[in-house]
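The values are calculated or read from the model by the stated rules, or taken from the named source; none is laboratory data. Everything numeric in this text was worked out from a predicted model, so none of it was measured. Glycine also receives a Cβ, built like all others from the backbone with ideal geometry; neighbour counts cover every protein chain displayed. Heavy atoms of the whole protein, side chains included, go into the accessibility calculation; ligands, DNA and RNA do not. Shrake-Rupley method; radii C 1.70, N 1.55, O 1.52, S 1.80 Å.
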Amino acid sequence: MNKQFLLASRPTGTPTSENFKLVEVPIPDLKEGEVLVRSLYISVDPYMRGRMNDYKSYVPPYSLNEPIAGGVVGEVIESKSSQFQTGEIVMGMYGWQTHGVVYGKDLQKINSDIAPISTALGVLGMPGLTAYFGLLDIANPQAGETVVVSGAAGAVGMIVGQIAKIKGARVIGIAGSEEKINYLKEELHFDEVINYKTTSDIKADLRNACPNGVDVYFDNVGGSISDAVLLLINQGARIPLCGQISLYNLEKVDIGPRMQPLLLINSALMQGFIVSNYMSRFHEALPQMAQWVAEGKIKYKETIVEGFENMPTAFLGLFSGENIGKQLVRVAD
Ligand SMILES: NC(=O)c1ccc[n+]([C@@H]2O[C@H](COP(=O)([O-])OP(=O)(O)OC[C@H]3O[C@@H](n4cnc5c(N)ncnc54)[C@H](OP(=O)(O)O)[C@@H]3O)[C@@H](O)[C@H]2O)c1
């Protein structure tokens, strides 16, 4: 039998476990070209919140009573595709299910010699590629420049900060717990870190941390944190707009200060992007990321929740900051 989590209802505001329904269904017989995959690690990601709404976006919304789609690393346990053998480790997008019946063309083989297989969902997968292209393609940080990253202890943010350090920039991270702050400072050697949940004056903290202003702001969160950073941008600043997690659960549109004059007077570039825009260039980035990981220039961290039944808990934890680095669910060994 295959266990699946379906979208039971669309959330209003912050999602709850009530929005998901756990069901068991028989595993169908394989058709020609199909592969049966046993899930080992399943990804939960902030973008899934957007797909729970019935809005037009860059990907279609999840359908009610259908499994939640997303990244999975698993083991091939049966194959009717000439490309895949039993026992191979693969990555697919079949989502919150203990087993996936997937066409071979929709799976990628994972080389477990390079790094642990779970990294295909994190530093050597979608979040790592997001950090790589958002930072290097849009912002192109130069040695000596000041780079600020919000959501700095998350899957994308901690990689952004480390790539910026590799490029010789001064890196300031913003995150939401002392454990995260210590990790960024002690383990990843960020130059300054700010806990936005405990500070009484984030603007003053940012002014102190960025005496030469901000050349690059990698925005993972939006809202008032981003408003505070934008007050400090320099002439020619670049602002990759990666995520706006602080806004995803709002029921009404948030109106903050109008920041466009700051972009105007500083001839700054703010550019939204979706990692899939860069799909044709993933092959450039992955060997470089793998090399940095192998050389220890990029460290990564994963927060792993055990057990398929805990998928919703792991997902909801993204919005209360339970994770350091990539949040995964381990479903089987
Ligand atoms: N453009 C793209 O293609 C693309 C691809 C991947 C991800 N993203 C976006 O990038 C961002 C980071 O994604 P990720 O996968 O790396 O997730 P993540 O950072 O690993 O996890 C989410 C983190 O966001 C922080 N957060 C939650 N609510 C917040 C709030 N109200 N204000 C400030 N911080 C909040 C929490 O950390 P704290 O403890 O610090 O609050 C939480 O740990 C998300 O906005 C996501 O949508 C975009």
Candidate set: region 168-186, residues that are in a helix (DSSP H, G or I) and of a type in the set (D, E, K, R); chosen: the one farthest from the ligand (Cβ to nearest atom): Glu186
Based on this model, can you work out whether Ser81 counts as within 16 Å of the ligand (Cβ to nearest atom), more than 23 Å from Ile233 (Cβ to Cβ) and in contact with a Lys or Arg (Cβ under 9 Å, 6 or more places away or on another chain)? no
When you scan region 159-167, do you find a residue that is part of a helix (DSSP H, G or I), within 21 Å of the chain's Cα centre (by Cα) and surrounded by fewer than 21 Cβ atoms within 10 Å (Cβ to Cβ), even just one? yes
Please determine, by comparing only the residues of region 234-270 that are in a helix (DSSP H, G or I) and within 16 Å of the ligand (Cβ to nearest atom), which one is nearest to Gly134 (Cα to Cα). Ile245
Pick from Val72, Val90: which is open to solvent by less than 40 Å² (accessible area, probe 1.4 Å), under 16 Å from the mean Cα position of the chain (by Cα) and within 24 Å of Glu32 (Cβ to Cβ)? Val72
Those residues of region 294-322 that are farther than 20 Å from Asp137 by Cα and open to solvent by 20 Å² or more (accessible area, probe 1.4 Å) come to a total of 20
Only one of Asn182, Asn220, Asn195, Asn208 is open to solvent by 10 Å² or more (accessible area, probe 1.4 Å), over 27 Å from Leu121 (Cα atoms) and at pLDDT 95 or above, namely Asn208
Between a first residue in region 33-60 that is without any contact (Cβ under 8 Å) to a residue 12 or more places away in the chain and of a type in the set (Ser, Thr, Tyr) and a second residue that is assigned to a helix (DSSP H, G or I) and within 14 Å of the ligand (Cβ to nearest atom), which pairs have beta carbons less than 7 Å apart while being 6 or more apart in sequence or on different chains? Ser57/Gly50
Got a sec? Which of Ser43, Ser57 is open to solvent by less than 80 Å² (accessible area, probe 1.4 Å), within 16 Å of the ligand (Cβ to nearest atom), under 22 Å from Ile274 (Cβ atoms) and modelled with pLDDT under 95? Ser57
Kindly establish whether Val102 is outside any helix (DSSP H, G or I), more than 30 Å from Lys80 (Cβ to Cβ) and β-branched (Val, Ile, Thr). no
Does Gly144 qualify as being more than 9 Å from the ligand (Cβ to nearest atom) and on the phi > 0 side of the Ramachandran plot? yes
